[in-house]
Amino acid sequence: MPVMVRNKQVILKDYVSGFPKETDMYMTKSSIELQVPKGSNGVLLKNLYLSCDPYMRPRMTNIKGSYVESFKPGMPISGYGVAKVLDSENPEFKKGDLVWGMTGWEEYSLVTAPQLFKIQHTDVPLSYYTGILGMPGMTAYAGFYEVCSPKQGECVFISAASGAVGQLVGQFAKLLGCYVVGSAGSKDKIDLLKNKFGFDEAFNYKEEPDLNEALKRYFPEGIDIYFENVGGKMLDAVLLNMKIHGRIAVCGMISQYNLDRPEGVHNLMYLVTKRVRMEGFLVRDYYHLYPKFLEMIIPHIKEGKIVYVEDMAEGLESAPATLIGLFSGRNVGKQVVAVAPE
């Protein structure tokens with residue numbers, strides 16, 4: 001007889017306007033059969049770690065034509081996670097495999113169209129596959145190397161620099177011999193950037209009355225590469241300070257996600273006068289480079305040339321508050337929720 005177990009889940013109550021709250025989600029318990037229906041091509045997962053990521057905020061709104069599907073009210077929310085395969089009707093996965101990819105915010109998930117990567121390297125923390133070895137790591141790699149076309153000695157600026165992606169972009173740039181400055185929103189994060197991640201300089205954007213002046217202070221000759229994570233006033237100030245033929249990789253704009261009306265950007269003419277290339281990108285367009293990325297990053301991790309900081313919350317019950325905290329910058333480093341012991 002198939003075994004039935006209790007399954008705790010995080011449910012979106014309704015679509016969100018403005019700043020999200022814990023009460024926009026709720027916990028529920030259902031039951032799930034620990035067996036995949038025959039012939040379904042599905043995979044049954046026991047979720048170990050869940051990833052909190054900024055792109056999840058737009059999914060809480062009913063946006064038509066977005067690159068990523070909105071969550072459905074009354075249903076479990078979903079995101080990247082690390083899981084163990086308990087049962088499989090899919091030829092690519094077998095019982096006992098460790099995987100990372102799209103899963104549900106619940107204890108167990110039945111995934112019928114798996115968007116999963118099999119985990120080959122288990123001599124590093126499994127939680128790293130929500131971050132440095134997962135989607136954020138690939139985002140940093142693709143955005144910096146593929147979109148920015150960096151050269152040794154260039155001047156690189158990264159906003160939201162202590163987050164899951166920013167901390168890696170800065171370290172990649174340092175490995176290449178670039179001058180690297182990051183912005184973040186607290187003293188702890190600034191210390192982390194300079195003392196742990198090896199940034200040349202870092203500043204707290206909340207303490208800068210004039211962002212243009214701040215950037216002129218750190219980049220008297222201008223910025224070659226800007227890795228954009230926040231948008232809004234920061235982007236406007238950066239445009240004034242780009243060098244001729246500079247590059248801007250647009251990864252995200254977290255300052256705009258909770259606004260009903262996004263802020264305008266006023267200095268776009270500088271893209272023309274300075275011949276700046278500004279390009280948005282989605283990590284999924286670069287997943288074919290994942291094996292190449294692992295070849296590069298795994299040795300760097302083992303040799304201590306790249307370090308990674310995680311902010312770990314314990315238990316599925318903590319997930320709603322942990323996700324909300326992401327949008328006020330409460331996390332220090334990559335935000336992860338530990339759901340079950342490995």
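Under a GNM of the chain (C-alpha, springs under 10 Å), which listed residue has the highest mean-square fluctuation: TYR26, TYR80, TYR308?
In the Gaussian network model the winner is TYR26.
May I ask you to list the residues of segment 13-41 whose amide nitrogen lies under 13 Å from a point 7 Å from Cα along the Cα→beta-carbon direction of LYS233?
none
Taking the chain as a Gaussian network, where each spring joins two C-alpha atoms under 10 Å apart, which residue of VAL307, VAL180, VAL124 fluctuates the most?
Comparing VAL307, VAL180, VAL124 in a Gaussian network model of the chain, the most mobile one is VAL124.
Using only Cα atoms, find the angle between the long axis of helix 232-241 and the longest principal axis of the chain, and express it within 0 to 90 degrees, rounded to the nearest 10.
In the chain, helix 232-241 runs at an angle near 40 degrees to the longest axis.
Please give me the summed charge of the neighbours of GLN167: other residues whose Cβ is under 10 Å from its Cβ, Lys and Arg +1, Asp and Glu -1. Write down the numbers at each step before the final one.
Working: positive: LYS189, LYS196, LYS334; negative: none.
Net of charged neighbours comes to +3.
Over the chain, what percent of the accessible surface lies on carbon and sulfur atoms, probe 1.4 Å? Numbers along the way, then the final one.
Values: 7990 of 15170 Å².
Carbon and sulfur: 53 percent of the exposed surface of the chain.
Can you tell me what share of the DSSP beta bridges in the chain is antiparallel? A percent to the nearest 5 is fine. Don't jump to the answer; show the numbers that get you there.
Numbers: 35 of 60 bridges.
Restricted to the chain, the bridges split so that about 60 percent are antiparallel.
Counting other Cβ atoms within 10 Å of each Cβ, which GluC sites (Glu not before Pro) in segment 38-121 have at most 13 and sit in a DSSP loop?
Working: sites: GLU69, GLU89, GLU92, GLU106, GLU107; in loops: GLU69, GLU89, GLU92, GLU107.
Answer in residue order: GLU69, GLU92.
Heavy atoms of the protein only, probe of 1.4 Å, neighbouring chains included. What is the accessible area of LEU268 in Å², nearest 10?
So the heavy atoms of LEU268 present about 80 Å² to solvent.
Would you kindly derive the ³J(HN,Hα) couplings of segment 145-150 from the backbone phi angles with the Karplus curve 6.51 cos²θ - 1.76 cosθ + 1.60 (θ = phi - 60°), listing them in order in whole Hz, with x for Gly and Pro?
With coefficients 6.51, -1.76 and 1.60, one gets 6, 8, 8, 7, 6, x Hz.
Please work out whether segment 135-284 counts as rounded, prolate or oblate from its C-alpha gyration tensor, where a ≥ b ≥ c are the square roots of the eigenvalues and a/c under 1.5 means rounded, while otherwise a/b larger than b/c means prolate and anything else oblate? Display every interim value, and only then the final one.
Working: a/c = 1.16, a/b = 1.09, b/c = 1.06.
Verdict is rounded for segment 135-284.
How far apart, in nanometres, would the label points at MET27 and LEU176 be if each is projected 7 angstrom from Cα along the Cα-to-Cβ direction?
In this crude spin-label approximation the distance works out to 4.4 nm.
If the only charges are +1 at each Lys and Arg Cβ and -1 at each Asp and Glu Cβ, what is the size of the charge dipole of segment 142-293 around the Cα centre, to the nearest 20 debye?
Working: 18 positive and 18 negative charges, 63 e Å.
That gives segment 142-293 a dipole magnitude of about 300 debye.
Quick one: Karplus J couplings for segment 185-197, per residue in order, coefficients 6.51, -1.76, 1.60, θ = phi - 60°, nearest Hz, x for Gly and Pro?
x, 7, 4, 4, 5, 5, 4, 4, 4, 7, 9, 9, 9
Can you list which of the trypsin sites (Lys or Arg not before Pro) found in segment 31-79 are DSSP loop residues with at most 13 other C-beta atoms within 10 Å? Could you put the intermediate results ahead of the total?
Values: sites: LYS38, LYS46, ARG59, LYS64; in loops: LYS38, LYS64.
Sites meeting the loop and neighbour criteria: LYS38, LYS64.
Of all DSSP beta bridges in segment 135-284, what percent run antiparallel (nearest 5)?
Working: 0 of 20 bridges.
So the antiparallel bridges amount to about 0 percent of the total.
To the nearest 20 debye, what charge dipole does the chain have about its Cα centre, counting +1 at the Cβ of each Lys and Arg and -1 at the Cβ of each Asp and Glu? List each step's numbers first, then the result.
Details: 37 positive and 38 negative charges, 59 e Å.
Approximately 280 debye in magnitude.
Nearest 10 degrees is fine. How inclined is helix 166-175 to the longest principal axis of the chain, computing both from alpha carbons?
The angle comes out at about 60 degrees.
Mind giving me the nanometre distance, one decimal, between the label points for MET312 and LYS94, set 7 Å out from Cα along Cα→Cβ?
Placing both labels 7 Å beyond Cα along the Cβ direction yields 3.0 nm.
What is the set of long-range amide H partners of ASN62 at a cut-off below 5 Å, with H atoms built 1.01 Å from backbone N?
Amide H to amide H, under 5 Å and 5 or more residues apart or across chains, ASN62 pairs with VAL16.
Using a 1.4 angstrom probe, figure out how much accessible area the chain has per residue, in square angstrom, rounded to the nearest whole. Provide the component values of the computation, followed by the final result.
Working: 15170 Å² over 342 residues.
With the other protein chains kept in place, the chain gives 44 Å² per residue.
Structure shown: which of LYS196/LYS305; LYS151/LYS243; LYS194/LYS305; LYS13/LYS72; LYS174/LYS292; LYS8/LYS46 lie over 18 Å apart, alpha-carbon to alpha-carbon? Walk me through the numbers on the way to the answer.
Numbers: LYS196/LYS305 11 Å; LYS151/LYS243 14 Å; LYS194/LYS305 15 Å; LYS13/LYS72 9 Å; LYS174/LYS292 20 Å; LYS8/LYS46 12 Å.
Going by Cα-Cα distance, LYS174/LYS292 fall outside the 18 Å limit.
Using +1 on the beta carbon of Lys and Arg, -1 on that of Asp and Glu, and nothing else charged, what's the dipole of segment 72-197 about the Cα centre, debye to 20? Walk me through the numbers before you get to the answer.
On the way: 11 positive and 11 negative charges, 83 e Å.
Computed about the Cα centre, the dipole is about 400 debye.
Between LYS292 and LEU240, take the C-beta separation as r, use R0 = 22 Å, and let me know the FRET efficiency to the nearest 0.05.
On the way: r = 36 Å, r/R0 = 1.63.
According to the calculation, E is roughly 0.05.
So what J values fall out for segment 113-125 if you push phi through Karplus, 6.51 cos²θ - 1.76 cosθ + 1.60 with θ = phi - 60°, rounded to Hz, Gly and Pro as x?
10, x, 10, 10, 10, 6, 8, 9, 9, 10, 8, 10, x
Mind checking which of TYR108, MET135, ASN90 is farthest towards the positive end of segment 87-144's charge dipole, using Cβ charges of +1 (Lys, Arg) and -1 (Asp, Glu) about the Cα centre?
MET135
Extension gain GLN115-LYS151, at 0.36 nm per residue separation less the Cα-Cα distance, in nm?
Computed gain between GLN115 and LYS151 is 9.6 nm.
List the aspartates and glutamates whose Cα lies under 12 Å from the Cα of LYS95, skipping any in the same chain that are fewer than 8 positions away.
The reachable aspartates and glutamates, counting only those whose Cα sits under 12 Å from LYS95, are ASP87.
Within the set of other residues whose C-beta is less than 11 Å from the C-beta of VAL283, count the net charge using Lys and Arg as +1 and Asp and Glu as -1. Spell out each step's value before the answer.
Numbers: positive: ARG284; negative: ASP53, GLU146, ASP285.
Local charge sum for VAL283: -2.
Would you mind classifying segment 272-342 by shape? Square roots of the alpha carbon gyration tensor eigenvalues, ordered a ≥ b ≥ c; an a/c under 1.5 is rounded, otherwise it is prolate if a/b is larger than b/c and oblate if not. Can you show the working numbers first?
Values: a/c = 2.14, a/b = 1.34, b/c = 1.59.
Cα axes put segment 272-342 in the oblate bin.
Once Lys and Arg get +1 and Asp and Glu get -1 on their Cβ, which of PRO54, MET278, LEU323 lies farthest toward the positive end of the dipole of the chain?
Of the listed residues, the answer is MET278.
The values are calculated or read from the model by the stated rules, or taken from the named source; none is laboratory data. Everything numeric here is computed off the predicted structure, so don't read it as measured data. In this analysis, Cβ positions are derived from the backbone assuming ideal geometry, glycine residues included, and neighbour counts consider all displayed protein chains. Protein only, heavy atoms only, side chains kept; ligands, DNA and RNA dropped before computing areas. Shrake-Rupley method; radii C 1.70, N 1.55, O 1.52, S 1.80 Å.
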